[in-house]
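The values are calculated or read from the model by the stated rules, or taken from the named source; none is laboratory data. Values in this document were obtained by computation on a predicted structure and should not be read as measured data. Because the Cβ atoms are built from the backbone with ideal geometry, glycine has one as well, and the counts that use them run over all protein chains shown. For the accessible areas, the whole protein counts, side chains as well, though only heavy atoms, and no ligand, DNA or RNA atoms are used. Shrake-Rupley method; radii C 1.70, N 1.55, O 1.52, S 1.80 Å.
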Amino acid sequence: MKDNHYYDVLIIGSGAAGLTAALNLAPHCKVAILSKGPINEGSTMHAQGGIAAVVSDEDSIESHIEDTLISGDGLCNLDAVKFVVSNAQDAINWLVAQGVNFSTVDGKLFHLTREGGHSRRRVLHAADATGLEIGNSLIKQIQKQPAAIFTDYTAINLIKQHDRCTGIYAFNNQTGKTEVFQAKAVILATGGASKVYLYTSNPDCASGDGIAMAWRAGCKVANMEFNQFHPTCLYHPHAKSFLITEAVRGEGGKLLLPNGERFMPKFDQRAELAPRDIVARAIDFEMKRLGIDCVYLDISHKPAAFIIEHFPTVYKRCLEFGFDVTKGPIPVVPAAHYTCGGVVVDKRGRTSLPGLYAIGETSCTGLHGANRIASNSLLECIVYGKAASDDIKQTIATIEPPEPAQPWDESQVTDSDEEIVVTHNWGEVRRLMWDYVGIVRTNKRLERARHRIELLKSEVQEYYSNFRISKNLLELRNLVVIADIIIQSASARKENRGLHYNLDHLAEKRKS
Ligand SMILES: Cc1cc2nc3c(=O)[nH]c(=O)nc-3n(C[C@H](O)[C@H](O)[C@H](O)COP(=O)(O)OP(=O)(O)OC[C@H]3O[C@@H](n4cnc5c(N)ncnc54)[C@H](O)[C@@H]3O)c2cc1C
């Protein structure tokens, strides 16, 4: 069949997770990598802080495990935590072998920073652009391998034959045609789902496609109520993913209401230096209480030279949007940052559907539990990227090639004459998730969200069944599934734990 592609392994996603698996597999079997946009689009390229690993004599595996468990608030899988933490040193060695240049002290020892939740300095970084350094190095390496790379393809649905995943249907964003990709094993490495919220630090591709595809295919998905929010993203219509680093608060930046009043001391003794989730919650509380669109961050009491020297990127970027951080407060909002839940996998990245693997932010390995500790996510991408690909290498010879799948059937659909349904519903889902299922929840808001999402689900499904697909429509269809799962998970959790915070459960006793 003309539009059918056959490979041994199909990897959906070209971030840190997907490329790690691809590099491990490409010398051994026929691999194809698909990405929804250019190969370098994804959260990986935006990671600033770094990657956690025990590489110093003053640190220990036990301490990294303990910090991860504390942050995970009772929901981590101890086995998974031990697995990731004890493989961190190998992951770093592998990254260095791929050409990643981490910042060093005098060109010898790695320079280590300390981030929230870590009791030691253990975060390796490449200045303040670690993800870019990792992403670019892995892309350079994969381009030397005999792997097929398909950019601008949006995976739509998984193909299941005899209760096994044997491929995907993918929409070619350029031609508007849907093609069939088949393989003995399929890896979902499609990143997170933070785009389901109105404000997010994530790039546009983070619409939870892999999680939604796996869910539709009947895979287990867990912990979706735990979405991490970063407290301070610049509030401006064109600055959609620009984070204002926590270091601004670390150096004395104050959070203010529109009338100039400082509010953090009311919420926590540590004020602006309280942990991320507490600061994000306080901002959200004030925004909802006053019905305001943003709060303000002010570091202008520090000398201009100090600000420009310490925060050159923040200074430059804010100026581009007309805000001078050296002269006054800048508008900020919390933003959805990381999806702690996802497709449930074992230590080899295997999902509950044979033939299907999930790695990176798409997966739920048990490492993060109810709250991700900073800089453990890139590490998880590398460790599970290797684990899943090792499993495939060991088993692939025993797996029969799949039978040809049916081509995509477009005979029943027509061109849409109501594109407004898609654009309107995109906005509606993200706003309703932000307002009703965001940082601070209540039973009433969750109930309201549930009613609205039911309506949106049926509207989007009807549209999907009748009209020709587009990338926008496919993402909307997935966002609605993700929103539905988050609402269901948040409604089912009758306690406050980790990132899930419901005002109606403040008095509830926790089981453990
Ligand atoms: C601003 C920011 C800062 C961060 N800082 C850190 C940090 O300092 N340390 C840390 O550990 N973590 C950090 N994180 C989190 C970390 O970057 C991500 O969790 C991690 O990079 C995810 O990698 P991934 O490979 O799973 O997915 P991504 O890198 O997001 O890649 C997803 C890939 O999937 C593709 N894709 C998606 N849907 C489809 C589809 N339907 N069809 C085809 N392809 C598809 C995309 O095109 C892309 O190639 C940060 C995240 C952000 C946004």
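Under the condition of being assigned to a loop (DSSP other than H, G, I, E, B) and either near the ligand (Cβ under 9 Å from one of its atoms) or of a type in the set (Gly, Ala, Ser) (or both), which residue from region 372-390 is modelled with the lowest pLDDT?
374
Looking at 328, 369 in this structure, which one is within 16 Å of the ligand (Cβ to nearest atom) and assigned to a loop (DSSP other than H, G, I, E, B)? Full working, then the answer.
Values: 328 fails: within 16 Å of the ligand (Cβ to nearest atom).
Of the residues listed, the single one that is within 16 Å of the ligand (Cβ to nearest atom) and assigned to a loop (DSSP other than H, G, I, E, B) is 369.
Output the residues belonging to region 331-356 that are in contact (Cβ under 8 Å) with a residue 60 or more places away in the chain, within 24 Å of residue 206 (Cβ to Cβ) and in a loop (DSSP other than H, G, I, E, B).
Here is the first cut: in region 331-356, the residues in contact (Cβ under 8 Å) with a residue 60 or more places away in the chain are 331-344, 347, 349, 351-356.
From the residues that got through so far, the ones that are within 24 Å of residue 206 (Cβ to Cβ) too are 331-344, 349, 351-353, 356.
340, 341, 349, 351, 352, 353, listed by residue number.
Here is a yes/no grid of residues against (1) open to solvent by less than 10 Å² (accessible area, probe 1.4 Å); (2) closer than 30 Å to residue 152 by Cα:
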{"residue": "30", "(1), (2)": "no, yes"}
{"residue": "40", "(1), (2)": "no, yes"}
{"residue": "46", "(1), (2)": "no, yes"}
{"residue": "49", "(1), (2)": "no, yes"}
{"residue": "52", "(1), (2)": "yes, no"}
{"residue": "100", "(1), (2)": "yes, yes"}
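Taking residue 361 and the conditions (1) charged (D, E, K, R); (2) buried (at least 19 other Cβ atoms within 10 Å of the Cβ); (3) in a loop (DSSP other than H, G, I, E, B), which numbered condition does it fall short on, given that it satisfies the others?
So residue 361 meets the others, but not (3).
Yes/no per residue for (1) surrounded by 21 or more Cβ atoms within 10 Å (Cβ to Cβ); (2) at pLDDT 90 or above:
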site: 80; (1), (2): yes, yes
site: 84; (1), (2): yes, yes
site: 89; (1), (2): no, yes
site: 92; (1), (2): yes, yes
site: 107; (1), (2): no, no
site: 131; (1), (2): yes, yes
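Any idea which of 71, 63 is open to solvent by 20 Å² or more (accessible area, probe 1.4 Å), small (Gly, Ala, Ser) and part of a helix (DSSP H, G or I)? Spell out the reasoning first.
On the way: 63 fails: open to solvent by 20 Å² or more (accessible area, probe 1.4 Å).
Every option except 71 fails the conditions.
Does any residue in region 117-140 that is among the charged types (D, E, K, R) and in a helix (DSSP H, G or I) come within less than 6 Å, Cβ to Cβ, of a residue that is open to solvent by less than 10 Å² (accessible area, probe 1.4 Å) and modelled with pLDDT of 95 or more six or more places away or on a different chain, and which pairs are these?
Pairs found: 133/100.
For every residue, the table says whether it meets (1) of a type in the set (S, T, N, Q); (2) closer than 30 Å to residue 331 by Cα.
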residue: 156; (1), (2): no, no
residue: 163; (1), (2): no, no
residue: 168; (1), (2): no, no
residue: 175; (1), (2): yes, no
residue: 178; (1), (2): yes, no
residue: 184; (1), (2): no, no
residue: 192; (1), (2): no, yes
residue: 196; (1), (2): no, yes
residue: 203; (1), (2): no, yes
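Within region 342-366, which residues are among the acidic types (Asp, Glu) and within 12 Å of the ligand (Cβ to nearest atom)? Don't jump to the end; show me each part of the working.
Of all residues in region 342-366, those among the acidic types (Asp, Glu) come to 346, 361.
Passing the criteria: only 361.
Any idea which of 384, 464 is over 30 Å from residue 508 (Cβ atoms) and in contact (Cβ under 8 Å) with a residue 24 or more places away in the chain?
On the way: 464 fails: in contact (Cβ under 8 Å) with a residue 24 or more places away in the chain.
Only one candidate qualifies: 384.
Restricting attention to region 273-305, which residues are assigned to a helix (DSSP H, G or I) and either under 25 Å from the mean Cα position of the chain (by Cα) or β-branched (Val, Ile, Thr) (or both)?
Our first condition is that a residue be assigned to a helix (DSSP H, G or I); within region 273-305, this holds for 273, 276-290, 304-305.
Across region 273-305, the qualifying residues are 273, 276, 277, 278, 279, 280, 281, 282, 283, 284, 285, 287.
Can you report the number of residues in region 397-438 which are free of Cβ contacts under 8 Å to residues at least 60 places away in the same chain, of a type in the set (A, V, I, L, M) and surrounded by 11 or more Cβ atoms within 10 Å (Cβ to Cβ)?
5
Does residue 156 qualify as being of a type in the set (A, V, I, L, M, F, W, C), under 12 Å from residue 39 (Cα atoms) and touching a residue at least 24 places away in the same chain (Cβ under 8 Å)?
So residue 156 does not fit the description; no.
Please list, ordered by residue number, the strands (runs of 3 or more DSSP E) wholly in region 153-254 having 2 or more residues that are more than 17 Å from residue 13 (Cβ to Cβ), open to solvent by less than 20 Å² (accessible area, probe 1.4 Å) and among the hydrophobic types (A, V, I, L, M, F, W, C).
Strands (runs of 3 or more DSSP E) meeting the threshold: 227-234.
Which numbered condition trips up residue 82, out of (1) more than 15 Å from the ligand (Cβ to nearest atom); (2) of a type outside the set (A, V, I, L, M); (3) more than 24 Å from residue 243 (Cβ to Cβ); (4) touching a Leu at 6+ places or on another chain (Cβ under 9 Å)?
Of the numbered conditions (1) more than 15 Å from the ligand (Cβ to nearest atom); (2) of a type outside the set (A, V, I, L, M); (3) more than 24 Å from residue 243 (Cβ to Cβ); (4) touching a Leu at 6+ places or on another chain (Cβ under 9 Å), the odd one out for residue 82 is (4).
Quick check on my filter: what residues within region 245-273 are under 23 Å from residue 291 (Cβ atoms) and not charged (D, E, K, R)?
Selection gives 255, 256, 257, 258, 259, 260, 263, 264, 265, 267.
Suppose we filter 17, 53, 32 for residues that are in contact with a His (Cβ under 7 Å, 6 or more places away or on another chain) and either at pLDDT 95 or above or away from the ligand (no atom under 15 Å from the Cβ) (or both); which single one remains?
On the way: 17 fails: in contact with a His (Cβ under 7 Å, 6 or more places away or on another chain); 53 fails: in contact with a His (Cβ under 7 Å, 6 or more places away or on another chain).
Selected residue: 32, the only one of 17, 53, 32 that is in contact with a His (Cβ under 7 Å, 6 or more places away or on another chain) and either at pLDDT 95 or above or away from the ligand (no atom under 15 Å from the Cβ) (or both).
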